[in-house]
Amino acid sequence: MRHAGRGKVQAALARHWSNQRARRVVVKVHIARAGPTGAASFAKHVAYIRRKGAGREGERGKLYDRSVDEADVKAFNDRADEDKRQFRLIVSPEDAEQMKDLTQFTREFMSQVEKDLGRRLDWVAANHHDTGQPHVHIVIRGGNARGGELLIDRKYITQGFRARAQELVTLELGQRRLREMDPSALGCRDAHLSTCLHLVETACGVGARTAGFSGRGARG
């Protein structure tokens with residue numbers, strides 16, 4: 001967001017967290033503002049990520065948080081009733097199908113984000129398997145003047161989130177092998193993943209800043 005936001009120093013170190021052989025992750029971030037309908041629009045997005053058909057077997061997407069596998073939707077929406085903004089993330093590891101547990105990955109990812117931002121975050125997430133690429137939707141409360149607003153530095157949004165996600169996936173699966181880095185193969189895989197995520201964005205009306213594979217920052 002602004003230079004006053006949290007995570008600026010950590011984002012500046014992002015180039016040290018990632019390298020050419022790191023596992024690739026796309027992170028898309030959308031900052032939703034409380035418009036005329038206020039918290040109703042926030043609750044609508046939470047309902048979207050837990051919609052029927054999002055699960056691995058076509059079941060409803062399961063909403064979870066840092067410690068509970070079935071988060072209290074109403075309680076989360078009630079806490080966000082006076083929030084000014086909502087941070088919406090789509091996190092899509094290229095090798096998500098090889099990972100043991102997307103839920104545990106998300107919890108570790110958000111724990112590291114909290115350390116980077118120096119603040120405990122109020123968040124929920126749901127894993128989606130309804131496109132050709134498994135991915136995670138994360139919703140973070142943006143707070144309000146009374147309870148404390150969450151401001152995140154733009155560089156952390158465009159670089160820091162992705163670098164932390166790549167770090168964790170690489171730690172689990174190891175670095176990419178040289179044959180996996182063939183430019184022609186990567187081009188095809190990039191196109192496939194971009195198409196899948198475009199379908200996701202279209203479905204949820206996301207106009208997002210993207211932290212993609214190359215580490216070049218925002219695209220859009």
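The values are calculated or read from the model by the stated rules, or taken from the named source; none is laboratory data. Computed from a predicted model, the values in this text were never measured in an experiment. No Cβ is skipped: glycine too gets one built from the backbone with ideal geometry, and neighbour counts run over all protein chains shown. Accessible surface is based on the protein model in full, side chains and every heavy atom, while ligands, DNA and RNA are left aside. Shrake-Rupley method; radii C 1.70, N 1.55, O 1.52, S 1.80 Å.
Filter region 144-161 down to residues that are among the charged types (D, E, K, R) and either on the phi > 0 side of the Ramachandran plot or in contact with a helix residue (DSSP H, G or I) (Cβ under 8 Å, 6 or more places away or on another chain) (or both), then give me how many there are. Talk me through it step by step, then tell me what you get.
Narrowing region 144-161 to residues among the charged types (D, E, K, R): 146, 149, 153-155.
With the extra rule that they be either on the phi > 0 side of the Ramachandran plot or in contact with a helix residue (DSSP H, G or I) (Cβ under 8 Å, 6 or more places away or on another chain) (or both), the set shrinks to 153, 155.
Adding up the residues that qualify gives 2.
So, in region 127-152, how many residues would count as being more than 23 Å from Gly55 (Cα to Cα) and either open to solvent by 30 Å² or more (accessible area, probe 1.4 Å) or in contact with a Leu (Cβ under 9 Å, 6 or more places away or on another chain) (or both)? Reasoning before the result, please.
Kept after step one, since they are more than 23 Å from Gly55 (Cα to Cα), are these residues of region 127-152: 141-152.
Next, from what is left, pick out any that are either open to solvent by 30 Å² or more (accessible area, probe 1.4 Å) or in contact with a Leu (Cβ under 9 Å, 6 or more places away or on another chain) (or both): 141-143, 145-147, 149-152.
The number of residues fulfilling the criteria is 10.
Suppose the filter is surrounded by fewer than 18 Cβ atoms within 10 Å (Cβ to Cβ), of a type outside the set (D, E, K, R) and at pLDDT 90 or above; does Leu171 pass it? Spell out how you get there, then give the answer.
Values: surrounded by fewer than 18 Cβ atoms within 10 Å (Cβ to Cβ): yes; of a type outside the set (D, E, K, R): yes; at pLDDT 90 or above: yes.
Answer is yes for this residue.
Can you name the condition, by its number, that Ser41 falls short on among (1) of a type outside the set (Val, Ile, Thr); (2) under 18 Å from the mean Cα position of the chain (by Cα); (3) open to solvent by less than 40 Å² (accessible area, probe 1.4 Å)?
The failed condition is (2).
Let's see how each residue does on (1) closer than 19 Å to Glu108 by Cα; (2) modelled with pLDDT of 55 or more; (3) touching a Phe, Trp or Tyr at 6+ places or on another chain (Cβ under 8 Å); (4) part of a loop (DSSP other than H, G, I, E, B):
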site	(1), (2), (3), (4)
Gly143	no, yes, no, yes
Arg162	yes, yes, no, no
Cys188	no, no, no, no
Val206	no, no, no, yes
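Filter region 68-84 for residues that are touching a residue at least 24 places away in the same chain (Cβ under 8 Å) and either more than 14 Å from Asn144 (Cα to Cα) or buried (at least 17 other Cβ atoms within 10 Å of the Cβ) (or both) and give the result. Can you show your working first?
At the first step, the residues of region 68-84 found to be touching a residue at least 24 places away in the same chain (Cβ under 8 Å) are 69, 71, 73, 76-77, 79-84.
Scanning region 68-84 gives Asp69, Ala71, Val73, Phe76, Asn77, Ala80, Asp83.
So which residues in region 85-124 are open to solvent by less than 20 Å² (accessible area, probe 1.4 Å) and either of a type in the set (Lys, Arg) or free of Cβ contacts under 8 Å to residues at least 12 places away in the same chain (or both), if there are any at all?
Result: Arg85, single match.
Out of the residues in region 59-103 that are closer than 30 Å to Arg23 by Cα and among the basic types (Lys, Arg), state the one that is modelled with the lowest pLDDT. Even if it seems obvious, please write down each step before you answer.
Just the residues of region 59-103 that are closer than 30 Å to Arg23 by Cα, to begin with: 59-71, 86-103.
Filter once more, keeping what is among the basic types (Lys, Arg): 60, 62, 66, 88, 100.
Numbers: Arg60: 81, Lys62: 93, Arg66: 97, Arg88: 97, Lys100: 94.
Looking at residues that are closer than 30 Å to Arg23 by Cα and among the basic types (Lys, Arg), I get Arg60.
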